[in-house]
Structure formats: structure tokens, C-alpha cells
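Novice: Questions regarding the structure given below will be posed in turn.
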Amino acid sequence: MPLNTITAQKLLKKIMDKLGYNINIMNEYGEIIASGDESRIGKIHSGALEVLKEGKDMEYFDFIDNNIESAKPGVNIPLFINNEIIVVLGLTGNPKEVGKIAAIVKLTAEILIKKY
């Protein structure tokens, strides 16, 4: 059940309005399909590729990948629906800060995705 760009951007806006951190949503190919920073849409996110490969959170992704221009400090978490990763959420910011709220964001996103 892939998430389309329009739904991803709606989901992102609902969460970011309350959160105060930038969020990126990456598809099953690691491509950023929605972001609070629209200049990043369409780029491949190296951290998301790792999350898709491993199937687990990348809690302390704390470097900038200047070669790919799409990775910034933060946390990447996979969203599962029916045991399948449908997207990766990336929260931009200090990993120690955003890591604390990642589980709440994940739960909220999964609920909103099921709604759409």
C-alpha cells in the first residue's frame, strides 16, 4: 500500500503543525515525497535507504551527506501497515530531542494513514 505524494503532504502538514520540527516522508525507494522543506522533495535520502534495507529505526542519523544533499541530522523510522514498510518518516533535528518523540509521531502517522 504505497502512500501517494498528495496524501503524504497532507499527513505531514497535520503532524508538523503541532510538532515544530521538520518532517520528511520517503517512499519505498528512499525518495523524499513530502517535506516541510520543499526543496528536498524528489531527492534520495540515504538514511531512508538504510531503514528500508534493515527494517528498523535509525535513531541517531547525525551527519549531513553533502554528496546526496538529502540527509540532515535527525531520526528515521519505518512505518508499517500489515507488516510492510510503506514509508519512512524522517524527523530533522538533534537526534536526542527528536528521538524522544519519534514513537509518538510514528503512531500518529500510522493512524492518519489508515484514515486516508
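The values are calculated or read from the model by the stated rules, or taken from the named source; none is laboratory data. As the structure is a computational prediction, the values presented were derived from the model and not from experiment. No Cβ is skipped: glycine too gets one built from the backbone with ideal geometry, and neighbour counts run over all protein chains shown. All accessible areas refer to the heavy atoms of the entire protein, side chains included, with ligands and DNA or RNA removed. Shrake-Rupley method; radii C 1.70, N 1.55, O 1.52, S 1.80 Å.
Novice: Would region 77-90 turn up any residue that is modelled with pLDDT of 90 or more and aromatic (Phe, Trp, Tyr)?
Specialist: no
Novice: Which one of Glu54, Glu110, Glu97 is surrounded by fewer than 19 Cβ atoms within 10 Å (Cβ to Cβ), out of contact with any helix residue (DSSP H, G or I) (no Cβ under 9 Å at 6 or more places or on another chain) and at pLDDT 90 or above?
Specialist: On the way: Glu110 fails: at pLDDT 90 or above; Glu97 fails: at pLDDT 90 or above.
Going through Glu54, Glu110, Glu97 in turn, the sole match is Glu54.
Novice: Still on this structure: Please state which one of Ile44, Ile32, Ile23 is over 15 Å from Lys114 (Cα atoms), open to solvent by 50 Å² or more (accessible area, probe 1.4 Å) and either at pLDDT 80 or above or of a type in the set (A, V, I, L, M, F, W, C) (or both).
Specialist: Result of the check over Ile44, Ile32, Ile23: Ile44.
Novice: For region 20-34, how many residues meet the condition of being closer than 17 Å to Val105 by Cα and in a strand (DSSP E or B)?
Specialist: Final tally of qualifying residues: 5.
Novice: For the subset of region 57-76 comprising residues that are of a type in the set (A, V, I, L, M) and either under 25 Å from Leu112 (Cβ atoms) or within 15 Å of the chain's Cα centre (by Cα) (or both), which member is modelled with the highest pLDDT?
Specialist: For region 57-76, the residue satisfying everything is Val75.
Novice: With respect to Met16, determine if the residue is within 18 Å of Leu112 (Cβ to Cβ), at pLDDT 90 or above and open to solvent by less than 60 Å² (accessible area, probe 1.4 Å).
Specialist: No; evaluated as a whole, the condition is false for this residue.
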